[in-house]
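Q: Below is the structure I would like to discuss, written out as structure tokens.
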Amino acid sequence: MIISYSPQCPEQQVATASQASAHDVAEAADHARRAQRSWAGTPAEQRASVLSSVADAVATASAELTDLVVTEVGKPCAEAAGEVQRTIALLRYYAQQALDPVGSVHEPTGPGLLYTRRRPLGLAGLITPWNFPLAIPVWKLAPALAFGNAALLKPAPQAIGCAMRMSELFAARLPDPALLQLLPGGAATGSAVVEHADAVSFTGSDAVGRTVVRNAATAGRRVQAEMGGQNPAIVLPDTDPISVASMITGAALTFAGQKCTATRRVIAVGDPRELRDALIAAVTELPWGDPADPATVAGPVIDARACDIMSRAIDEARHAGGRILVGGHRAESDGHFFSPTLVDGLPPEHPLTRREVFGPLLLLQHAASLDEAMTLANQTPFGLAASIHTNDLSAALEAADHLEAGQIRVNAPTTGAAVHTPFGGMKGSSYGEREQGKAAQHFYTSVHTVAVRGLRAPGTAQQRMLSS
Ligand code: UN1
């Protein structure tokens, strides 16, 4: 049985579902494939209107969905409401994209016609995390359906209630509910999904992502994986420390740092004192606690294990000579609350500056120059997001050329992504094609080059007239 518990009240069960076995997945894949054949032949206008009506349904249910996100994963309610709005925007965007299929016409080297067209792949296997329990399933599901595929959705067990509710909203509006198969479960269910899908899209941890990529590639499936980051924010001395500190604190600690795009390190270029004081003030004042309180910015972490990971990281930091400037402790509460934490003084090559700790932990690092800051920024096996804060355009452009990150943000938080732009990273952060934007259309379709010739003998019309 899959059971989700509320992170703020761990005794409270939020949702339950029975686990899908390998046999259930095989059967679901079969049903989905059958439904997909007619869906692929459905006019794009109809597919678009299904997605638009799901968007309307999400809008109507927005208060209920917001509450569910708050209760099930502990996302602060302002952020949870934002996620619902983003989910609506994603559905509307892909409804529109369904109406804008991309193909190309090529001048043939001989007679005839030469063009490309895109066709649905068939069955998309979607493996999704708990931290964006509505938006991430939808940013995979909406393009998969928009371009004529069926989907197997294997959501994270911690967010099974959100996935069930979202699937209901789709199922009631799809011409055949078999087009979306919700498959609750853990690793074994995920492996079965990989086995049966034509394309696999994964978002989640590094360790699981690598296994998914390996298995999908071995089975010859198309695969994309998005697996986290260790995202730096470089701050040059020409900025206002108070406003930069407030932006970076938000990027690092909103939703207790549980976003793969969260800022994990601030790299102060030059004299760090003013920035350090401003960060201490911003992290100290950050409202944290009950996620149902509209003022809360950082709620709980997802479960007891996440709390332990934070505690171990703090011990590790202390051992290495790190100074805990703010936080560093669990709260006296039954819920999984860990205080927003700021650490300074770790050796630059310390493992905590390279790996992802998925919680409310922000590290402060120091550099004498922009070059040194970029070297530090790039010293991680990940490469998802990075930001630079400066008024110096040349410095910003240099960072845009050299930071090893898929998302580069100038005077903006590392978190967030526009629906119409490609999303993903470099190095260990991602594998395969980017998500979202036009990239999604590429991922969920296959391209076919069509060459057309006439049956008549080649030659110019004049030659043919002469020879007849
Ligand atoms: C965002 O920063 O708003 O799981 C999106 C994650 C990312 C998405 C982040 N895949 O946190």
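The values are calculated or read from the model by the stated rules, or taken from the named source; none is laboratory data. Note that the structure is predicted; figures quoted are calculated from it, not measured. Cβ sites come from the backbone with ideal geometry, for glycine too, and all protein chains shown count toward neighbours.
Q: Might you check whether a residue that is over 19 Å from the mean Cα position of the chain (by Cα), surrounded by fewer than 24 Cβ atoms within 10 Å (Cβ to Cβ) and among the basic types (Lys, Arg) occurs anywhere in the stretch 194-213?
A: no
Q: I'd like the residue in the stretch 239-281 that is free of Cβ contacts under 8 Å to residues at least 12 places away in the same chain and of a type in the set (D, E, K, R) and, out of all such residues, is nearest to THR390 (Cα to Cα).
A: That would be ASP240.
Q: Being out of contact with any Phe, Trp or Tyr (no Cβ under 7 Å at 6 or more places or on another chain) and among the small types (Gly, Ala, Ser) is the filter; apply it to the stretch 180-200 and report the residue that is nearest to ALA17 (Cα to Cα).
A: GLY185
Q: For ALA400, state whether it is at pLDDT 95 or above, buried (at least 16 other Cβ atoms within 10 Å of the Cβ) and either more than 20 Å from LEU275 (Cα to Cα) or more than 16 Å from the ligand (Cβ to nearest atom) (or both).
A: When the stated conditions are applied, ALA400 does not pass them.
Q: Please name all residue pairs, on different chains or six or more residues apart, with Cβ atoms under 8 Å, provided the first residue is in the stretch 23-52 and is within 24 Å of LEU99 (Cβ to Cβ) and the second residue is at pLDDT below 95.
A: Pairs found: ALA44/PRO101.
Q: Residue check: is LEU174 part of a helix (DSSP H, G or I) and either within 16 Å of the ligand (Cβ to nearest atom) or touching a residue at least 40 places away in the same chain (Cβ under 8 Å) (or both)?
A: Here the answer is no, as LEU174 does not meet what is asked.
Q: Could you list, in sequence order, all residues of the stretch 443-459 that are at pLDDT below 95 and either closer than 29 Å to ALA199 by Cα or not in a loop (DSSP other than H, G, I, E, B) (or both)?
A: none
Q: Go through the stretch 373-397 residue by residue and tally those that are closer than 23 Å to LEU352 by Cβ, touching a residue at least 24 places away in the same chain (Cβ under 8 Å) and either away from the ligand (no atom under 16 Å from the Cβ) or among the aliphatic types (A, V, I, L, M) (or both). Talk me through it step by step, then tell me what you get.
A: Step one: of the stretch 373-397, the residues closer than 23 Å to LEU352 by Cβ are 373-389.
Pick out the ones that are also touching a residue at least 24 places away in the same chain (Cβ under 8 Å) and you get 373-374, 376-389.
Those left that are additionally either away from the ligand (no atom under 16 Å from the Cβ) or among the aliphatic types (A, V, I, L, M) (or both): 373-374, 376-381, 384-386, 388-389.
Total meeting the criteria: 13.
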